[in-house]
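The values are calculated or read from the model by the stated rules, or taken from the named source; none is laboratory data. Being a predicted model, the structure only gives us computed values, none of them experimental. Here the Cβ positions follow ideal geometry from the backbone for every residue, glycine too, while neighbour counts run over all protein chains shown.
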Amino acid sequence: MFRYLRQRSMSAGFLGESRLWFRIGIVVWSIHLLRRLSSRGPKSVYEAELEPGQTLVISDLRPLEAKGPGKSVKLDA
């Protein structure tokens, strides 16, 4: 529902000439902004307690991607 109101207020209020949709847009976009600002925080993906002598290895195993179609990936040696 909020997505529809945001889209409609953008097209009819901010880009159009409807004062009603402009006001609705201010309210809806303010709520959207407040939700985004309040939800920013660290998210725990994994949590465990390490015993003495244990190690934790963090790695990124995503495949390398080229910067466009037909481009090759250059590895730093």
Q. Out of the range 14-45, which residues are modelled with pLDDT of 85 or more, under 23 Å from the mean Cα position of the chain (by Cα) and of a type in the set (Val, Ile, Thr)?
A. ILE26, VAL27, VAL28, ILE31
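Which of the following residues is exposed (fewer than 10 other Cβ atoms within 10 Å of the Cβ) and part of a helix (DSSP H, G or I): ARG3, ARG23, ARG8?
ARG3
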